[in-house]
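Let me begin by presenting the structure, written as structure tokens, before commenting on it.
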Amino acid sequence: MVDWCISILLQLEKPAKQNKKVHVIALPKREEHIAAKKICSVAGWGLTDSKKKTLSNVLREANLEIVDNKTCKKAYWKNQQPITSSMICAGPLKKRNDDSCNGDSGGPLICDNKYVGLISFGPPICGTPGMPGVHTRLTDNYLKWIRDTTGGD
């Protein structure tokens with residue numbers, strides 16, 4: 001089984017104007033282990049309701065709880081979807097159904113103000129209890145590719 005990710009970086013025509021709502025989020029220096037139960041956030045313009053199939057017209061953010069990979073593997077075994085060490089699972093906080101959804105793929109997973117992953121896939125119905133979303137972990141290889149491609153440190 002091979003882990004894969006289609007990686008795309010966008011280059012802006014001019015620098016973004018930074019303010020209290022727009023700012024730079026750091027990449028970690030190295031691949032980071034994110035502990036289970038840590039609260040992280042995702043953002044995107046994806047579906048806000050799996051049944052309505054309408055994309056959001058505003059950027060939305062949700063706080064999610066990191067789920068250990070062993071628990072995540074159990075959730076996805078029926079789908080025969082492998083969960084590997086290059087993935088981070090995160091799901092809705094208890095008593096909430098905030099989640100990433102279709103159309104959010106490629107968006108950021110942010111923990112402790114660091115960009116640690118990319119939204120990848122999740123259950124057919126977003127916010128399904130016991131079915132966390134799966135994110136591509138920014139491994140050392142991905143971080144090196146980003147730095148080599150952008151010329152950043």
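Could you give the length gained by full extension between ARG96 and LYS20, i.e. 0.36 nm per residue of separation minus their alpha carbon distance, to one decimal place?
Gain on extension, ARG96 to LYS20, equals 24.7 nm.
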- Task: Find how many whole Å separate the alpha carbon centroid of the range 24-81 from the alpha carbon centroid of the range 106-141.
- Result: 3
- The extension gain from LYS144 to THR71, computed as 0.36 nm times the residue separation minus the Cα-Cα distance, is 23.4 nm
- Note on the structure: Restricting to lysines and to Cα separations under 29 Å from LYS74, and discarding same-chain partners fewer than 8 apart, the set is LYS37, LYS38, LYS51, LYS52, LYS53, LYS94, LYS95, LYS114
- Message: Order 59-70, 29-40 from most to least packed using the mean count of other Cβ atoms within 10 Å.
- Response: 59-70, 29-40
- Task: Send over a whole-number figure in Å² for the accessible area per residue of the chain, probe 1.4 Å.
- Result: 70
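Can you give the relative contact order of the range 25-153 as a percent, counting alpha carbon pairs under 8 Å and 6+ residues apart? Walk me through the intermediate numbers first.
Values: 269 pairs, mean separation 37.4, N = 129.
Worked out over the range 25-153, it gives 29 percent.
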- Can you put VAL22, VAL42 in order of accessible area, largest first, using a 1.4 Å probe? VAL22, VAL42
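The values are calculated or read from the model by the stated rules, or taken from the named source; none is laboratory data. Quantities reported herein were computed from a predicted structural model and do not represent experimental measurements. Glycine also receives a Cβ, built like all others from the backbone with ideal geometry; neighbour counts cover every protein chain displayed. Keep in mind that these areas ignore ligands, DNA and RNA; they rest on the heavy atoms of the full protein, side chains included. Shrake-Rupley method; radii C 1.70, N 1.55, O 1.52, S 1.80 Å.
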